[in-house]
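K.L.:
What follows is a single structure, and I will ask about it in a moment.
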Amino acid sequence: MENEIKKPSYQLLVLIATPKLADKAADLFCRCSIPLQYRINAEGTAPSDIMDMLGFGSIDKCVLLSTVEKPIGEKMLGKLHSQLRLDTVNSGIAFTIPLTGASNLLLQIINMSTESISETVRKERYIMTDIKYSLVTAIVNRGFSGDVMKAAKEAGAFGGTVMHSRSIVNRETIGAKELSIPDEKEIVMIIAETESKVAIMKAISESCGMSSEAKGLVMSLPIDSVMGI
């Protein structure tokens with residue numbers, strides 16, 4: 001219908017970078033009126049001795065998350081790429097994931113910020129490379145992220161980021177109060193070309209799936225746009 005109002009689309013804007021670059025990115029987000037930033041401490045998957053040998057320093061990483069409207073997300077990717085120089089070695093990677101739903105309060109906050117967002121972000125145009133990637137995510141028991149990356153690299157992955165977390169289990173629902181489920185978990189995030197996604201997920205599942213000690217769950221999410229690869 002001609003009078004039908006087109007609903008805005010939203011994205012999860014993700015930056016994985018060194019703590020120093022994450023600080024610069026957080027300042028950029030504030031200057032551009034991007035709301036609700038979440039910062040998570042993480043680590044790269046390369047051994048620290050190799051990083052030191054190559055002169056790359058610490059493998060400490062930070063993950064910044066923010067929810068934005070799609071046009072703003074694409075423009076922010078361009079600004080992150082240019083101002084953080086994501087095309088250089090050991091800098092970082094930024095990408096967007098499409099969202100299919102969000103709470104009303106979150107959408108209100110996003111819409112309010114969009115009305116006041118910096119004019120420099122609105123006016124600047126960036127040409128996004130039409131390359132399709134997926135975010136492969138594996139959730140395993142603590143101590144098995146190395147096994148995940150070993151299997152993933154053998155299947156074509158280049159690297160990943162590890163975040164530490166805790167599981168919350170409703171034992172009444174799963175009907176196994178006596179079942180031992182470790183609380184400490186590791187979340188491994190891998191940016192993979194869509195063509196190699198299935199092979200990487202299959203390799204992780206075979207090596208670190210639910211039938212193994214890792215008790216891993218593997219999933220993938222589509223990526224709209226990516227900078228820093």
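The values are calculated or read from the model by the stated rules, or taken from the named source; none is laboratory data. Keep in mind that what you see is a predicted model, and the values were worked out from it rather than measured. Please note: Cβ atoms are built from the backbone with ideal geometry, for glycine as well, and neighbour counts cover all protein chains shown.
K.L.:
Using the structure shown, decide if Asp130 is in contact with a helix residue (DSSP H, G or I) (Cβ under 6 Å, 6 or more places away or on another chain) and either part of a loop (DSSP other than H, G, I, E, B) or at pLDDT 90 or above (or both).
P.N.:
Answer is no for this residue.
K.L.:
Working only within the range 57-91, note down all residues that are in contact with a Phe, Trp or Tyr (Cβ under 8 Å, 6 or more places away or on another chain), part of a loop (DSSP other than H, G, I, E, B) and either surrounded by 18 or more Cβ atoms within 10 Å (Cβ to Cβ) or at negative phi (or both).
P.N.:
Across the range 57-91, the qualifying residue is only Val89.
K.L.:
Same structure, new question: Considering only residues that are aliphatic (A, V, I, L, M), surrounded by fewer than 16 Cβ atoms within 10 Å (Cβ to Cβ) and not in a strand (DSSP E or B), look in the range 192-229 and name the one that is farthest from the chain's Cα centre (by Cα).
P.N.:
Looking at residues that are aliphatic (A, V, I, L, M), surrounded by fewer than 16 Cβ atoms within 10 Å (Cβ to Cβ) and not in a strand (DSSP E or B), I get Met210.
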